[in-house]
């Protein structure tokens, strides 16, 4: 199995990818492309329980333990939001709870995303980030109780 890259390396790569795009039209097109490439989410995971609160569009985020790592899957009915979810999954899926909790999504600010999203999309992105953190805290807590 290929070794999962360090979160900071993944974030730096995303920043580099966005830096070669000339304007925000190209960046949005790239987000849409990423959203289209996001693997399909299992229908049974598109449940009320997995809906991310605080998003104007529908966004589902599901997490499962895979050994000491967390695997995420996501979907949305809005393509730009789906692209944002794809970026977050690229950074955090397959990482340990400790790695997730100790590495905030700095790439969002580094690529200027927070200045170019509508307030509702910004809230949705923040809600997805919080949900990923909640999953990491829950899995970490579960393991500390088992130890």
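Quick notes on this structure:
- Test: residue in segment 16-27 that is without any contact (Cβ under 8 Å) to a residue 60 or more places away in the chain, crowded, with 16+ Cβ neighbours inside 10 Å and more than 18 Å from residue 127 (Cα to Cα): no
- Tabulated pairs, segment 42-69, first free of Cβ contacts under 8 Å to residues at least 60 places away in the same chain, second surrounded by fewer than 13 Cβ atoms within 10 Å (Cβ to Cβ), C-beta under 6 angstrom, 6+ apart or interchain: 58/77
- Filter result for residue 66 (out of contact with any strand residue (DSSP E or B) (no Cβ under 8 Å at 6 or more places or on another chain) and over 12 Å from residue 132 (Cβ atoms)): yes
- Verdict on residue 54 being at pLDDT below 95, at positive phi and touching a helix residue (DSSP H, G or I) at 6+ places or on another chain (Cβ under 8 Å): yes
- Residue tally, condition surrounded by fewer than 20 Cβ atoms within 10 Å (Cβ to Cβ) and in contact (Cβ under 8 Å) with a residue 60 or more places away in the chain, over segment 113-129: 6
Conditions tested, residue by residue: (1) farther than 15 Å from residue 13 by Cα; (2) at pLDDT 95 or above; (3) in a helix (DSSP H, G or I); (4) touching a strand residue (DSSP E or B) at 6+ places or on another chain (Cβ under 7 Å).
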{"residue": "83", "(1), (2), (3), (4)": "yes, yes, yes, no"}
{"residue": "105", "(1), (2), (3), (4)": "no, yes, no, no"}
{"residue": "109", "(1), (2), (3), (4)": "no, no, yes, no"}
{"residue": "120", "(1), (2), (3), (4)": "yes, no, yes, no"}
{"residue": "128", "(1), (2), (3), (4)": "yes, yes, yes, yes"}
{"residue": "135", "(1), (2), (3), (4)": "yes, yes, yes, yes"}
{"residue": "144", "(1), (2), (3), (4)": "yes, no, yes, no"}
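- The set of residues in segment 33-51 being surrounded by 14 or more Cβ atoms within 10 Å (Cβ to Cβ) and assigned to a helix (DSSP H, G or I) consists of 34, 35, 45, 50.
The values are calculated or read from the model by the stated rules, or taken from the named source; none is laboratory data. Computed from a predicted structure; not experimentally measured. No Cβ is skipped: glycine too gets one built from the backbone with ideal geometry, and neighbour counts run over all protein chains shown.
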